[in-house]
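Reading through the structure tokens given below for one structure.
Please treat every number below as a calculation from the coordinates, not as lab data. As the structure is a prediction and not an experimental result, all values here were calculated from the model. Counting neighbours? That spans all protein chains shown, and the Cβs are built from the backbone with ideal geometry, glycine included.
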Amino acid sequence: MRRMLRYDLRWYEAHFTPADGHLPKPIRGEISPLYARLKAWQVKRIAKLLPNLRVILTLRHPIERAWSQALHVIGCPLIIAAL
């Protein structure tokens, strides 16, 4: 995401250009947990570039998220064997 903020809107929009040359669908997007950590100036820049932007922010319970990360890093079979 930091890379995205170095470029203009045309650079960003190029990532959503359809391969077949047709106009893009009105609903499109991306996912990044880094958006939750934007600074105020970054939010203002995005709002200026995309005034009709709608953002959906989903949050996870911190303990469930930490457990999920542990299963991912250590491996689910090892965790289950320890229980």
Length added when fully stretched, residue 60-residue 17, from 0.36 nm per residue minus Cα-Cα: 12.4 nm
Give the order of 17, 58 when sorted by the count of other beta carbons within 10 angstrom, beginning with the fewest. 58, 17
Set the Förster distance to 22 Å, then compute FRET efficiency between residue 36 and residue 10 from the Cβ-Cβ distance, nearest 0.05. 0.30
For a Förster distance of 25 Å, can you work out the FRET efficiency between the beta-carbons of residue 48 and residue 72, rounded to the nearest 0.05? 0.10
